[in-house]
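Step one of this worksheet: look at the structure below.
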Amino acid sequence: MRKAGHDVVDINLDTPTAGAGAKGATIACILGGDGTMLRAARAMSPLGIPLLGVNLGRLGFLTTITIADLDSAIADVAAGRHSVEERTLLDARLVRAGHETRFLALNDVVVARGAAVRSIHVAVRVDDDPLIVYWADGVIVATATGSTAYGFSVGGPLILPSSRAIMLVPIAPHLSFGNAVVFDPEQRIELDVRDGARISIDGQEEHDLAAGDRIAVRRSETVARFVRTSHARPFLSLLREKILKEPGT
């Protein structure tokens, strides 16, 4: 890349200033697995930097090209032979005693029981109207991108990643509605915590919750921008291989 006359900056996503270090970049080449892409999306999406995921991991839903295709993919990007796919991010706001903490999530926001092995009560409101009080191990609010992650493992639907819909899935609900609910992109979901719990952002960032905490989740105005070249495998092909375990291509 440098020999071709491009400016290249190396960024460590495990540092708190990763996004700032990439400011002004035309494209970010993310080397790793899906977990690395999740961190990159949260750090770089607010800067509007498109992400090209190079799979060095195992699953590869978010990292769409292999290391063997990297040179060709970069050449395509440099020549303008690529497209940019927008993915929905969640804007989660934790409100506690009047203080607000904000998070971005590409996959999901999860409120679940903490160290105690017991179910918790979580009251759900949608657009300020009460929906249900779950007595469950937790509740997942997920994007379409996150529908193949934790939500899928507890029985949620698979949603094509281009969708802007948001889904709500309970985790092991006891004597209450156990199906997932899919909401319109503009709807707001509030989770009122009535017991000690924990919040998880993309399965990577966690914080303790106390009774009385409220988490407001909605579709973020910020989007994650994924670069796609001719080397990227279609989502349905990945779905057949990785989840549906169907033979063939």
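Coordinate-derived values only; no laboratory data. Note that this is a predicted model, so its numbers are computed, not measured.
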#### Entry: Mean separation of Cα contacts under 8 Å (6+ apart) over length of the chain, as relative contact order %
21
### Task
Enumerate the calculated ³J(HN,Hα) couplings along the range 189-202 in order (Karplus 6.51 cos²θ - 1.76 cosθ + 1.60, θ = phi - 60°), each rounded to whole Hz, writing x wherever the residue is Gly or Pro.
10, 10, 10, 9, 8, 10, 9, x, 7, 9, 10, 10, 10, 6
### Summary
So D184 and A4, fully extended at 0.36 nm per residue minus their Cα-Cα distance, gain in nm 60.3 nm
### Query
So what are the ³J(HN,Hα) numbers for the range 116-128, from phi and the Karplus equation (6.51, -1.76, 1.60; θ = phi - 60°), rounded to whole Hz, Gly and Pro as x?
5, 8, 7, 6, 10, 9, 10, 8, 10, 10, 10, 6, 6
### Query
Amide H to amide H under 5 Å from D213: which residues, 5+ apart in sequence or cross-chain, H placed 1.01 Å off N in plane?
V193
## Note on the structure
Expected vector for the range 73-82, Karplus 3J(HN,Hα) from phi with 6.51, -1.76, 1.60 and θ = phi - 60°, integer Hz, x for Gly and Pro, equals 5, 5, 4, 5, 5, 4, 8, x, 8, 7
#### Entry: Structure-derived volume of the Cα convex hull per residue in Å³: which label, when the choices are (i) 150; (ii) 116; (iii) 134
(iii)
### Task
Would you pull out the residues with amide H under 5 Å of A197's amide H, same chain only if 5 or more places away, H placed 1.01 Å from N?
L209, A210
